Structure formats: C-alpha cells, structure tokens
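Here is the structure we will look at, set down as structure tokens.
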Amino acid sequence: MTYRVIQWATGMVGQESILGVLAHPDLELVGCWVHSADKAGKDVGEICGIDPIGVVATNDVDALLALDADCVIYTPVMASTTTVIKLLESGKNVVTPVGWIYPGESPKVAAIEDAARRGNATLHGTGINPGGITERLPLLLSSWCRNITHVRAEEFSDIRNYPTASVVRDVMMFGTPPEAAQTSPMPTILGLGFCESIDMIAAELGWTLDADKRTTHEMATATQDLDTPVGVIEAGTVAAQRFTWEGLVDGQPVITVRVNWLMGEEHLEPAWTFGAGAARPGPQDHEGEGRGQRFEVELTAEPPVSVVVHGLHPPVVGQNPEIGLTGPAMHCVNAVPYVCAAEPGIKTYLDLPLIAGRAAV
Ligand SMILES: NC(=O)c1ccc[n+]([C@@H]2O[C@H](COP(=O)([O-])OP(=O)(O)OC[C@H]3O[C@@H](n4cnc5c(N)ncnc54)[C@H](OP(=O)(O)O)[C@@H]3O)[C@@H](O)[C@H]2O)c1
C-alpha cells in the first residue's frame, strides 16, 4: 500500500522530510504547504534543491484540506492547535516534531482528541530530542533491566551548527550578558517537550513523580570575542548553556534530561568541554572540532545500561546544518505507515508498534 503524504512547511526539517518521503518505498508526496509567499507556486523539488518532482507548493490551506491524502507531516516553526484540528477533522493523520509527545490532559488536548475521532484520524508527536533520545530510547533500554533507580538522557551539541541568528541570539540568548540570559524563555519552551518525555518514562516505568519538576539553567561566558555563524559573540557574554530538567520522587531525581549547548570548547569560562565521552571510534570517526557531539542515555539499574549515539550532528562544525535535522525529519517520515494504521486519537510511543526505517530502494 502507498500512503499519500502532504508536507506542511519547508524549513530545514521540512526539506529533509520531503527527501525522506521521496526515498520511502511506501510513501508518495501529493501536496506541500508553505508559509513564505515566495515559495508558493514553486515545484517542491526546486525548493529542496533537487530536480522538479511535479508537486507544486501552495499556501492555500483549504485546497490542501480538500486534497485526498492519508497523512500530513507537520513541521512549521510553531505548532498551531487550530490547524492540527482542521487537518484531523479533514480525515488526515498528522505526524509532527513540534509537540504532543505525551501531552497529558487539557482542554486543548480534548479538542484534538474530538477532532481526531470526528475525522477518524491519528496525531503522533515524535522527533529526536524530545521525541526519541529522551523517552523512546530509555524505554527500549529499560526492557533489559530490573530495579531501575535513575534514567538520564543528555545532549552535547556545538551550537555553531545552528546558523539562525533570530533563534540563537534572540530566543536562546547566546551573546547576551548572563543577567539578561537568566530571563531566557528557553527553559519553559524546551521544558514543555522534555517534561512530556519525563512524564512518559515515569508513567511506563511506574514512578509517581512529585508535582513539580526541577529546572536548572547554567551558563558559561566567552573569554574572548568568538567569530560564529550568528556573528561575533563578545567576550563576557553567554557562549554556552546547560539546561537540566529533573523528575523527582520525594525530592530525589529519578529522571534527568539535560542539554549542553557550547559555542565550541575553547574560550569558555568556566572551561566547559564535551567531556570524556567525546571519543568516537569506528569508521565514521573524524578529526577536529565538534567531534564530541553526541547523545547519551544511561540507566542506573541491574544491569546498568548506557548508549552513546553519534551521527545525528553535522560532522564538520558550521557546515551542512541540515544534517542535524535529518534524524527528526526521518522519525516523522518513518512513522507515517504506523500512524495511518493506528486507531483515531493522539497516539504516543506507548500506543504504537515499533517504528522502523526502510532499506534503500
Ligand atoms: N523534536 C525534535 O527533535 C525536533 C528537532 C528539530 C526541529 N524540531 C522542530 O521542528 C520545527 C521546524 O524546525 P526547522 O528547523 O524546520 O525550522 P525552520 O527551518 O525555521 O523552518 C520552519 C518553517 O516554518 C514555516 N513558517 C515560518 N513562519 C511561520 C508562521 N508564522 N506560521 C507557520 N509556519 C511558519 C516556514 O515554512 P516555509 O519555509 O515552507 O514557508 C519555515 O521554513 C521547529 O518547531 C523545531 O523546534 C523538533
């Protein structure tokens, strides 16, 4: 069976998703929504830098709602519950990296569940971090363990791979004085997704968490002016950040999710680095900056199990940032057949079967 897919937005994730749909033997791209006026009317292949594929991008939402399609891969910069409800009501399944990994209960969630039932459609939230490393992988590893007392999922990324100044400077607040970055919305914005991951792990492993999770925000500053893809980060301003969210039982952490974002490993105060886990043996090894980028998952249990995931970051810092978005895009693409086959409603990893990729055609 071939599933007919609409791609919603053609940013970095969206373009990687389109390439993934074209490479997937069970999927056919039949439509594409774009936000930018200058992309509307263009062949989707042209937007992605490949040959024309005969699918024209549009910003006409109603035309896409009326289109016969099985699934929408929904990757805009910000999620719109209103749009997702319209898509579900129109009978289209939705896979997305922008939320709903384990959304709990709220009036908005109830409205989405209603729309999904009316449209006989399914919504699934996925991704890498959150949406993979912080809940799917720990749950997979947990099946080899007993007496689990702690779960840690951690990202180590060179933030020079993120070339978008409006995000890195204005939202993440790199390059601002530490006192200003203290007011960053990032712990809240990121925390929405990561706290869903923590809740999913706790629910499945059997922890009843304290009502409040603990959030910690640490910073390092530049010891000299740093030349970066988002401009000069001035000495004394924020050049590295570490955010930690902890699920607690009686005040003690049982689940720890952490991101370490560094503008390189040199010229930081305190002198943060990617640490001892940086070595990357094997055929994909490479020399130079950024080689310590990775994700780690560790279970304190019998036996203690840990994995280090390489390959999800651009191998050369500052080049081909889109490589970092292939993973989250493909997790969406590969989920499509499973989500189309699922019962209506919001379905998480706890509801769906194992999601796998496909061999090259
Ligand atoms: N869970 C994960 O692991 C994970 C990983 C990576 C990214 N993400 C999320 O995925 C989303 C997309 O990331 P990205 O890297 O592709 O971002 P991006 O390159 O900035 O692209 C986002 C796209 O959103 C569209 N857009 C712009 N303004 C919009 C608006 N006002 N309303 C609706 N759409 C608008 C644009 O589409 P057009 O260009 O087509 O006009 C734009 O290209 C983000 O929310 C990001 O946080 C999640």
**Item:** Verdict on Leu141 being part of a helix (DSSP H, G or I) and within 17 Å of the chain's Cα centre (by Cα)
**Value:** no
**Prompt:** Going by the structure shown, is Gly14 outside any strand (DSSP E or B) and within 8 Å of the ligand (Cβ to nearest atom)?
**Reply:** yes
**Asked** Give me the pairs: first residue in the stretch 1-27 and assigned by TED's automatic domain parsing to the domain that holds Thr96, second residue more than 10 Å from the ligand (Cβ to nearest atom) and at pLDDT below 95, beta-carbon distance under 8 Å, and six or more apart or on different chains, which are they?
**Response** Ala23/Val361; Pro25/Val361; Asp26/Met1
**Complete:** Taking the stretch 72-92 and the residues there that are within 19 Å of the chain's Cα centre (by Cα) and within 18 Å of Thr2 (Cα to Cα), the one that is farthest from the ligand (Cβ to nearest atom) would be Val72
**Fill in**
Residue pairs qualifying under the 9 Å Cβ cut-off, at least six apart or on distinct chains, with the first in the stretch 56-72 being touching a residue at least 12 places away in the same chain (Cβ under 8 Å) and the second being outside any loop (DSSP other than H, G, I, E, B) and among the acidic types (Asp, Glu), are Val56/Asp43; Ala57/Asp43; Ala57/Glu46; Leu65/Glu89
**Request:** Inspect the stretch 238-250 for any residue being exposed (fewer than 15 other Cβ atoms within 10 Å of the Cβ), over 20 Å from the mean Cα position of the chain (by Cα) and modelled with pLDDT under 95 and give the result as yes or no.
**Result:** no
**Message:** Restricting to the stretch 103-134, and then to whatever is part of a loop (DSSP other than H, G, I, E, B) and more than 15 Å from Ala79 (Cβ to Cβ), can you tell me which residue is nearest to the ligand (Cβ to nearest atom)?
**Reply:** Asn129
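The values are calculated or read from the model by the stated rules, or taken from the named source; none is laboratory data. Given the structure is predicted, the values throughout are model-derived calculations rather than measurements. Please note: Cβ atoms are built from the backbone with ideal geometry, for glycine as well, and neighbour counts cover all protein chains shown.
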